[in-house]
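To start, the structure under review is shown below, and the notes come after it.
The values are calculated or read from the model by the stated rules, or taken from the named source; none is laboratory data. Here the structure is a predicted model, which means the values were calculated and not measured. Note: ideal-geometry Cβ built from the backbone for every residue, glycine included; neighbour counts use all protein chains shown.
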């Protein structure tokens, strides 16, 4: 019999489990949260309601399958050790645990200022602050905001900031103000329907700075092997998508702008020192004498996420030590492979799903049978883990208690 351990049950983990289901292979899915939704639940801003619901349904169907044993509220490295897991004799182990740790801002001193935030906790705050039961970190959104990053996640941060600034100005003037409706329609249209002009609100707004040019911003994918004409079309599409987002949410963009230091006045973070880059053959080349200061009152880092280090799991600097990106093969470990945002670092649903499918295709034939005694020991452990989290094996009853 073949039994595969999957660490993490969200997009990549469920995609891998589905691949195994199709092959008639049993999997055990360990999930640190109650439900296996990962960043779909708390990484996507709350206006993605339809997309979120659709992804939930896909994951539910897979994780509730008879060939999947679900183990919720169990975090590798905290509730169970990696050494314990590694020595259980699995047919294969897939790391699909995502990347929940914000990539450190290059000037770490910035973290001590209360008007600086990282993307993950910022989006989490936005998703939950309106709930009566919310007692987490509070964020004060103020005007003249600077978002450092690039890509879809950074655009979401800019949207949140812009809409929060508008909310502060108009919530008392609009009956049944709805920030999600404003996101769907765009700020100008939503305000126009209520006879309000954005320019009359006196908002300075949000600026996104990106160290490369917009052609290189990962808003849309550019697959390898495309001819030059198609690559140029994809790059033009990136500029068009970003322009449309700016029209709807009224944030500004400064491309080829890279932070090199922070500006502090009277113990308050007041700005970022930057240089201008040129992109030459894919490499960043600083422009001489291009230093400038961008002043702001709110700073949000959206430069990507990293996997959390786990004792015993090989690391290469701040990322997992992967010797082959396509198969996700871990260095020095047999039958252990990473997939999704745990190794891509893109935080993108489509990229995570593609990664999981690729890893699954490349490793499915390497998954071997294990002996009956090993399977029996795995069964005992899985039941112990489930009992510890009070999970009785009925996935949808568990979900109803959420």
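Observations
- Of all residues in segment 367-388, those satisfying the criterion of being in contact with a strand residue (DSSP E or B) (Cβ under 7 Å, 6 or more places away or on another chain) and either exposed (fewer than 14 other Cβ atoms within 10 Å of the Cβ) or not in a helix (DSSP H, G or I) (or both) are 367, 370.
- Residue count for segment 304-348, restricted to those that are part of a helix (DSSP H, G or I) and crowded, with 23+ Cβ neighbours inside 10 Å: 3
- Filter result (part of a helix (DSSP H, G or I) and surrounded by fewer than 24 Cβ atoms within 10 Å (Cβ to Cβ)) within segment 1-29: 18, 19, 21, 22
- Selection status of residue 216, at pLDDT 95 or above and either surrounded by fewer than 17 Cβ atoms within 10 Å (Cβ to Cβ) or closer than 30 Å to residue 350 by Cα (or both): no
- Restricting attention to segment 227-270, the residues being free of Cβ contacts under 8 Å to residues at least 40 places away in the same chain and assigned to a loop (DSSP other than H, G, I, E, B) number 3.
- Among the candidates 193, 164, 229, 183, the residue that is over 20 Å from the mean Cα position of the chain (by Cα) and closer than 27 Å to residue 120 by Cβ is uniquely 164.
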